[in-house]
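The values are calculated or read from the model by the stated rules, or taken from the named source; none is laboratory data. What you see is a predicted model, and the numbers here were worked out from it, not measured in a lab. As a convention, Cβ positions derive from the backbone with ideal geometry for all residues, glycine included, and neighbour counts pool all protein chains shown.
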Amino acid sequence: MNQMRTLGTIAFAFGLVALVAGCFTKREEGTNHAGLKAGMQVSDDMEGWVAVPNTQPKEVKGDKFTYYVLSTHNIVPAKLAGFQAVSAKGFEKLSGIKVPEQKTPEGELWAMKPAGRTVPKDKDGWVGVPLRFPKVEGGAMAVLEADTLISKEMDGWVAIDKETSAKLFSELETKQQTIDKRASEKK
Amino acid sequence: MSDAGGSAGARLPQTFGEKLSFAAPVLLATLAVAVLISFVLVWVVSGQLRTELKKVETDLTTKNDALNKELTEEKKKTADLQKKADELTAANVDLNKKNEDLKNNLGKAVTELDKTSKSLAKIVTDLGDFTYEGQKQVDATQNQGLAQHEQKIKYIEGRLEILKTLEADVNTLKGDTSELKKEYVVLKGDLGKVRDKAEITDKDLSDLTERSRIFQLKVLSARAKEAAEQARSNDIKSLVQRLNQE
């Protein structure tokens, strides 16, 4: 009888530990973001982060290369780290491809504070990330980092990898110089 | 007692004669010294005067010599001029004579020329039309040549303008552009040389055009390469500048 009680106590303790451990938000391994579940509590190290719906840039496979269309509050996935984001206008100038205007409604950013705050049911499945945006240069370009948020300013921008960018910029330069050359020759 | 002692010493001269004979040696010595000093002074002054007189005499002699020399030369020149004047007078006489002869001959020649000029006037009128047409053709050919030359110069200047814009491109390139810069300088120099040539041949133009074209392509390629490098190295600032280029 005593043995049964002891075993019961141990099982309860394990259950309790497992329950408590499962209650706090946790980073996914090797990343800087955390998947949220309703009822979880914000851990100390994530205090001040923000949670957004789990959305990612839309992949578009073109004839010559693949590019990604960014929307407000997309989370930059690790595979797009180091990619260059170009404004839709700039991208059109570079590649001749016109990207439709996005007009993504500005969604809610759920502030993960204070520590211990419980994730509400409607935030179930959201992703928590530090509040960081890619640094925009000249209103036209930025370099993407993993687990950063796409700002409203970058809604509708396009991300391309460095090699594609190098190729497109090289072509653009040639194209512009050729136009200039012809113009000057006509004079 | 003292009076007795005084009368016992040397006796002083009492009379004028005694006094004179007593002072005579001193007076004579003084007089001799005075005479000597006067003589010396007179000697020195006369010496100086003699020197100056000699100097003045020498100057006068030199000037006199020079004047004599000039006078001789002038006399010689006068003689030469006189000789020339005689020759000219003789020549004048001859000329007068010849002039008279010419006058006589001229009268005859004028009469002959009058006849000739009348016949020449007719020939000139006939030639006039022919010359006008010929000149017109020559002018047209020359004008065409000039226009072509001008056109070629304008073409080269156009190339130089293009090169000028390329210079800015070469200078803005961040990589090693020393070779391009050297090539630019040489090409610009050659364009300038050809522009200043009196005869610009078609070969000159085609050679320069080809070289300019190749140079432009090199610059273009360098810029394209640089743009690609900037993209690869995430030089976003430079890329944005390129995007914003018109």
Check A:Gln84 against each of (1) in contact with a Ser or Thr (Cβ under 7 Å, 6 or more places away or on another chain); (2) of a type in the set (S, T, N, Q); (3) modelled with pLDDT under 95 and name the one condition it does not meet. (3)
Which residue pairs have Cβ atoms under 8 Å apart, sit 6 or more places apart or on different chains, and have a first residue in the stretch B:155-180 that is acidic (Asp, Glu) and a second that is buried (at least 19 other Cβ atoms within 10 Å of the Cβ)? B:Glu167/B:Tyr184; B:Asp169/A:Gln177; B:Asp169/B:Val219; B:Asp169/B:Arg223
Residue count for the stretch A:59-96, restricted to those that are surrounded by 14 or more Cβ atoms within 10 Å (Cβ to Cβ) and without any contact (Cβ under 8 Å) to a residue 60 or more places away in the chain: 3
Do you know which of the residues in the stretch B:223-239 that are in a helix (DSSP H, G or I) and surrounded by fewer than 20 Cβ atoms within 10 Å (Cβ to Cβ) is farthest from the other protein chains (Cβ to nearest Cβ)? B:Ser238
Every pair of residues 6+ apart whose Cβ atoms lie under 9 Å, when the first sits in the stretch A:154-177 and is facing chain B (nearest Cβ under 7 Å) while the second is among the aliphatic types (A, V, I, L, M) and outside any helix (DSSP H, G or I): A:Ser165/A:Val86
Please go through the stretch A:124-145 and pick out each residue that is of a type in the set (Gly, Ala, Ser), more than 11 Å from chain B (Cβ to nearest Cβ) and crowded, with 17+ Cβ neighbours inside 10 Å. A:Gly128
Scan the stretch A:55-93 for residues that are over 30 Å from A:Lys123 (Cα atoms) and among the charged types (D, E, K, R) and jot them down. A:Lys61, A:Asp63, A:Lys64, A:Lys89, A:Glu92, A:Lys93
Based on this model, can you work out whether A:Asp44 counts as away from chain B (no Cβ under 14 Å), exposed (fewer than 15 other Cβ atoms within 10 Å of the Cβ) and under 25 Å from A:Glu28 (Cβ atoms)? yes
Regarding the stretch B:201-211, can at least one residue be identified that is within 30 Å of A:Pro134 (Cβ to Cβ), surrounded by 13 or more Cβ atoms within 10 Å (Cβ to Cβ) and in contact (Cβ under 8 Å) with a residue 40 or more places away in the chain? no
